[in-house]
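Quick notes on the structure that follows.
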């Protein structure tokens, strides 16, 4: 197994599962899944201009995140509605901008064979930043998640924290593009956390188990994929789904 592919995949698994704790607890799992598709037009433009797809994906996601943040702030439209609008427009633009179906399929499902040394560097650098910022703001995110009104009354900058959270989510999605693609990236942010939630009784334990299962799901997916000659992205998500079902069974037995 290529060490670069393993490194990027593990970093994505750790970052996505750590941030995913708050995605699940805030009940915005579908929002994270929908937001991942926003990367498509950026990826298409990157391929057109011959630059690394990470930059195009992250640029598109960042623009979308900023647009969603300011629209929610200035209008009375619900957050989920704004995200849905960006999703449909991005998906349509992605279909228009991709020059051939093969590139579109790679954008949707990922391709670890395209991971380069530069991707490894980007993953290590941004993965470290995402993890560090998530740990730094962990208490603030927790307060905002469990009681937004109470957190606001205690002086937590809710709007700023929301923006930081969305930017972190954009980073994680962009990092995972080549591993599982835009179509399945949302699942990687929620499956390890959902497994951990079934087996834990506290936020700290849930976070620890989430990261543990994030690493386990990605590692098993990378191992299983060549054995059954299936795409890595599919192997990772199917492994996560199976572990989730097992965690439900275990949970009911406790």
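A short reminder: the numbers here are calculations on the coordinates, not readings from a lab. In this text the structure is predicted, and so the values were computed from the model without any measurement. Note that each Cβ is placed from the backbone with ideal geometry, even for glycine, and that neighbours are counted across all protein chains shown.
Gyration tensor over the Cα atoms of region 174-216: the corresponding equivalent ellipsoid has semi-axes (square roots of 5 times the eigenvalues, largest first) of 22, 9, 7 Å.
Got a sec? How would 185, 206, 89 order by Cβ neighbour count within 10 Å, fewest to most? Working shown, then result.
Working: 185 28, 206 20, 89 13.
Going from least to most buried by this count: 89, 206, 185.
Measuring nothing but alpha carbons in the chain and taking Rh as the Kirkwood radius, the Rg to Rh ratio lands at 0.96. Derived from the Cα gyration tensor, the three semi-axes of the equivalent ellipsoid of region 194-245 are 24, 10, 6 Å, largest first.
Once you wrap a convex hull around the alpha carbon atoms of region 60-193, what is its projected area averaged over all directions, in nm²?
On the way: hull surface 37.9 nm².
Result: 9.5 nm².
Mean-square fluctuations from a GNM of the chain, with a 10 angstrom spring cutoff on Cα atoms, peak among 210, 147, 200 at 147. Quotient of the Cα radius of gyration of region 1-117 and 2.2 N^0.38 Å, N being its number of residues: 1.14. Across every pair of non-identical alpha carbons in region 154-200, the mean reciprocal distance, once inverted, gives a Kirkwood radius of 12.4 Å.
List 18, 205 from most exposed to least, where exposure is judged by having the fewest other Cβ atoms within 10 Å.
Values: 18 24, 205 13.
Ranking 18, 205 by Cβ neighbours within 10 Å, fewest first, gives 205, 18.
A straight line joining the Cα centroids of region 1-49 and region 179-202 runs 11 Å.
So for 148, 204, fewest C-beta neighbours within 10 Å to most, what's the order? Working shown, then result.
On the way: 148 15, 204 11.
Going from least to most buried by this count: 204, 148.
Mean separation of Cα pairs under 8 Å and 6+ residues apart, divided by the residue count of region 115-254: what relative contact order is that in percent?
Values: 107 pairs, mean separation 26.1, N = 140.
Relative contact order, region 115-254: 19 percent.
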